[in-house]
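Handing you a structure now.
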Amino acid sequence: MTVKLPFTRKAVLAALVITAAATTTVTLPGTAEAQSGSRICGNYWEARANGKTVGIIAKVLEVPKVDFGICLRVIDKTNSINGRSLPGYKGTVTWNPRQAIRSWTCEDFGDLFNDTYGNDPCLDMNRVDLIGQVANRTPRELSQVY
């Protein structure tokens, strides 16, 4: 005895493929802009000339948001700019005291530079996941002339 089904085999397979595609789309998120597990740590300095703020420079690394010990090590590593000039600025500047960047979101750090480096600068960084990696990583330096 054979059972006749109202559906063809092709129709059933097509329905399964569509269902699987829809489920995958719902359950697997696409590439997100935000780095939800990352934070930015380091320091920044504002440059002054003739009594006005003329720019900013920062030295930072991307770190896991759950490890404040790594963040403190990065802040210590990036604590000096050694009398540097402001890239892109014609003239001499004096630097305001350093400002620590303690576990900022990637988006907030992007806002510090008016999104010059994008809304999420972490997308271009190589995250430090272990405290021992800090010593061997070169901090990312970002600057902007106002």
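The values are calculated or read from the model by the stated rules, or taken from the named source; none is laboratory data. Only a predicted model underlies this, so the values are computations on that prediction, with no experimental measurement involved. Positions of Cβ are generated from backbone atoms using ideal geometry, with glycine treated the same way; all protein chains shown enter the neighbour counts. For the accessible areas, the whole protein counts, side chains as well, though only heavy atoms, and no ligand, DNA or RNA atoms are used. Shrake-Rupley method; radii C 1.70, N 1.55, O 1.52, S 1.80 Å.
Counting only protein chains, not ligands or nucleic acids, how are T116, T105 ordered by accessible area (probe 1.4 Å), most first?
Per-residue accessible area, sorted high to low, gives T116, T105.
Got a sec to turn the phi values of the range 101-113 into Karplus ³J(HN,Hα) couplings, 6.51 cos²θ - 1.76 cosθ + 1.60 with θ = phi - 60°, whole Hz, x for Gly and Pro?
Coupling constants for the range 101-113: 10, 10, 6, 6, 5, 4, 5, 5, 5, x, 5, 4, 9 Hz.
Also: Add +1 for every Lys or Arg and -1 for every Asp or Glu among the other residues with Cβ under 13 Å from the Cβ of T138, and state the total.
Counting the neighbours of T138, the net charge comes to +2.
Roll a 1.4 Å probe over the protein heavy atoms and report the accessible area of D108 in Å², nearest 10.
Using a 1.4 Å probe on the heavy atoms, I get roughly 80 Å².
Another one. Compute the length gained on full extension between S80 and A100: take 0.36 nm times their separation in residues and subtract their Cα-Cα distance, giving the result in nm to one decimal.
6.1 nm
When the solvent-accessible surface of protein heavy atoms is calculated with a 1.4 angstrom probe, in what order do V54, V145 fall, highest first? Provide the component values of the computation, followed by the final result.
Details: V54 20, V145 55 Å².
My answer, sorted largest first, is V145, V54.
Any idea of the accessible area per residue across the range 58-123, 1.4 Å probe, to the nearest Å²?
54
Can you pull out the trypsin sites (Lys or Arg not before Pro) in the range 42-146 that DSSP calls coil and that have at most 11 other Cβ atoms within 10 Å?
The qualifying sites are K90.
If you add up the charges near I70, with Lys and Arg at +1 and Asp and Glu at -1, over every other residue whose beta carbon is less than 14 angstrom from its beta carbon, what do you get?
With Lys, Arg at +1 and Asp, Glu at -1, the net is +3.
Using each residue's phi in the range 50-57, evaluate 6.51 cos²θ - 1.76 cosθ + 1.60 at θ = phi - 60° and report the 3J(HN,Hα) Karplus result to the nearest Hz, with x for Gly and Pro.
In residue order, the calculated couplings are 6, x, 10, 6, 10, x, 8, 9 Hz.
Given points 7 Å out from each Cα along the Cα-Cβ axis, report the K52 to N119 separation in nanometres with one decimal.
For K52 paired with N119, the spin-label model returns 3.1 nm.
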